[in-house]
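Bear in mind that the values in this text are calculations on the coordinates, not laboratory data. Keep in mind that what you see is a predicted model, and the values were worked out from it rather than measured. Every residue, glycine as well, gets a Cβ built from its backbone with ideal geometry; the counts of neighbours run over all protein chains shown.
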């Protein structure tokens, strides 16, 4: 087979791969909507296939099992959340912290089902689901540490302080998207201030981690 023939054979395979990836992404998007208001245990594969308007075998083809499908949905949601919250790397440290919190809240506000999936899980004590959720926490801690201290390899007291703050943010954000009594801007400013308190507490325990100046208020 010559080079031109190899290229001709590769193009259909590439198109097939693109279609396959697009179909998989479409199924994940459908799954994110399906699991918005229904628990993992309450949805059978027959239910999922019927509501998605696809053959059940197609879901098995791409994800092997209902659990594999659910994990793919969580992983996809995690990637979106981390990307949204961790942007603004070109900003000054304090402004980056401010933007991270705003990005986190924006994501939760506009992707409520996905956020609940990430934070609340839904497969009981599934270690893989918990590992994914813990990975999100670590990514947010690293982003805040980079913004506050200029590095993410921080000592245990600083890391535990930031992790405690992130866990409190999860609970507060879950409540907020369910009962949005505060505007996003007010919620953001409140979380910025509580983060400031955490950073000052860390500084008291370890002066090697000085708290940055308060983040500015903007839209």
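Output the relative contact order of region 71-219, whole-number percent, from Cα pairs under 8 angstrom with separation of 6+ residues. Provide the component values of the computation, followed by the final result.
Working: 158 pairs, mean separation 40.9, N = 149.
RCO, region 71-219: 27 percent.
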remark   = Row for region 154-203, column shape: gyration tensor on C-alpha, a ≥ b ≥ c, rounded if a/c < 1.5 i.e. under 1.5, prolate if a/b over b/c, else oblate; value oblate
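Using the 10 angstrom Cβ neighbour count as an exposure proxy, how do 97, 119 rank, fewest first?
Working: 97 25, 119 19.
By the 10 Å Cβ count, ascending, the order reads 119, 97.
Expressed in nm to one decimal, what extension gain is obtained for the pair residue 23 and residue 208 from 0.36 nm per residue of sequence separation less their Cα-Cα distance? The partial results should precede the final answer.
Values: separation 185, 0.36 × 185 = 66.60 nm, distance 5.02 nm.
Separation in residues times 0.36 nm, less the Cα-Cα distance, equals 61.6 nm.
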query = Can you give me the Cα centroid spacing of region 32-85 and region 131-148 in angstrom?
reply = 25
request  = Could you pull the Cα extents of region 71-219 along its three principal axes, largest to smallest, in whole Å?
outcome  = 41, 33, 26
